[in-house]
Amino acid sequence: MTAKKITILLIPDGSRRPRQFKIPRAVLWFSFILILGFVGGLYALITDYWNVKKQMPRLAELEKKTKEQDVQLTALALKVDGMSSKMVKLKQFENQLRVMVNLEPNEDNAQLLGVGGSDPVLVDPALFREQDQRKLVRRMYRSLDNLDVDMSAQAEKLSDLCAFLKNQKTLLACTPSIWPTRGWISSRFGFRISPFTNQREFHRGLDICTREGAKIVAPADGVVVKMGRDYGYGIVLTINHKFGIETKYAHLKKILVKRGQTVKRGDVIALVGNTGRSTGPHLHYEVHLNGAAVDPLRYILN
């Protein structure tokens, strides 16, 4: 069975003879389909090109935002790392304070001395570029969680240390550490020969000779608890300084404070006199710790 053909007749101008071509119908259909597919593919290509061209400004904007986000992410990573390093330094500083005030350093802090605390992935830009951003973000979240826990624990420890130092500050403020008056020591704390009986006796304070009327100052913060007259001590004044410490001042000429009055270190409280059992103007100064007389020179800072 012969294939069906289509005859194409070409008639040229002039005297030339017409030409005739016979093409199988299947070839013609195949050519038509091929041409149609080419046109369709060309149309799709042109359409995709125009769509891509339309998206170019948006793609450029997205690329710019991506670069900005990379910069911001890098800055945030560096900031997180810096906070970690500062936390380590804060722990080191806390340990230094504890050593200064004779407290045991924290066990968890002791092992961090000399450690930088940085995460290389959060610091090195090359490593940052190699890491997946999601992994980097997870690392930063983990670092921030650790910082949050460390900050809470550190705040509690520093609060305890602050309370201790505040208590120490109060103790120092209440410690009689300065001379109550200017003069020279005529009799020290301890056993001596009595100027009245010529017998060996225990002297419970410090005798400071100076002119009559010289000012006497409080050697520490405290509250006036007693004042009055005594046969042996003459005019007497007693100040309570907390922590079991009291100071006593005898042979006074005049008391310049009232009972119950709060005094600060350096406040003028009385005048040197010669009252009671005395051989001349001087201040008899005593320091009592938990009710027992102690040497005042143990507390005075030269």
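The values are calculated or read from the model by the stated rules, or taken from the named source; none is laboratory data. Just so you know, these numbers come straight off a predicted model, no measurement behind them. Cβ sites come from the backbone with ideal geometry, for glycine too, and all protein chains shown count toward neighbours. Calculation scope for accessible area: heavy atoms of the full protein, side chains included, ligands and nucleic acids excluded. Shrake-Rupley method; radii C 1.70, N 1.55, O 1.52, S 1.80 Å.
Worth a mention:
- Only a single item in (1) closer than 17 Å to Ile208 by Cβ; (2) open to solvent by less than 50 Å² (accessible area, probe 1.4 Å) is not met by Asn274, and it is number (2).
- Test: residue in region 154-166 that is within 24 Å of Leu78 (Cβ to Cβ) and out of contact with any His (no Cβ under 7 Å at 6 or more places or on another chain): yes
- Restricting region 17-37 to residues that are part of a strand (DSSP E or B) and of a type in the set (D, E, K, R), the residue that is nearest to Thr7 (Cα to Cα): Lys22
- Single unsatisfied condition, Thr7 versus (1) at pLDDT below 75; (2) over 30 Å from Lys135 (Cβ atoms); (3) open to solvent by 100 Å² or more (accessible area, probe 1.4 Å): (3)
- Those residues of region 136-153 which are within 11 Å of Met83 (Cβ to Cβ) and exposed (fewer than 11 other Cβ atoms within 10 Å of the Cβ), in sequence order: Asp148
- Residue match in region 292-302 (condition: farther than 19 Å from Ser186 by Cβ, touching an Asp or Glu at 6+ places or on another chain (Cβ under 6 Å), without any contact (Cβ under 8 Å) to a residue 24 or more places away in the chain and open to solvent by 30 Å² or more (accessible area, probe 1.4 Å)): no
- Qualifying residue in region 237-247 (condition: part of a loop (DSSP other than H, G, I, E, B), out of contact with any helix residue (DSSP H, G or I) (no Cβ under 9 Å at 6 or more places or on another chain), of a type in the set (Lys, Arg) and farther than 25 Å from Thr197 by Cβ): no
- Only one of the numbered conditions (1) more than 17 Å from Ala173 (Cα to Cα); (2) surrounded by 19 or more Cβ atoms within 10 Å (Cβ to Cβ) is not met by Val287, and that is (1).
- Of all residues making up region 183-235, the number that are over 17 Å from Val257 (Cα atoms), part of a strand (DSSP E or B) and in contact (Cβ under 8 Å) with a residue 60 or more places away in the chain: 6
- Contact map, region 249-270: residues that are over 20 Å from Ser177 (Cβ atoms) and open to solvent by 90 Å² or more (accessible area, probe 1.4 Å) paired with residues that are of a type in the set (Ser, Thr, Tyr) and assigned to a loop (DSSP other than H, G, I, E, B), Cβ distance under 8 Å, separation 6+ or inter-chain. Pairs shown: Lys253/Thr275.
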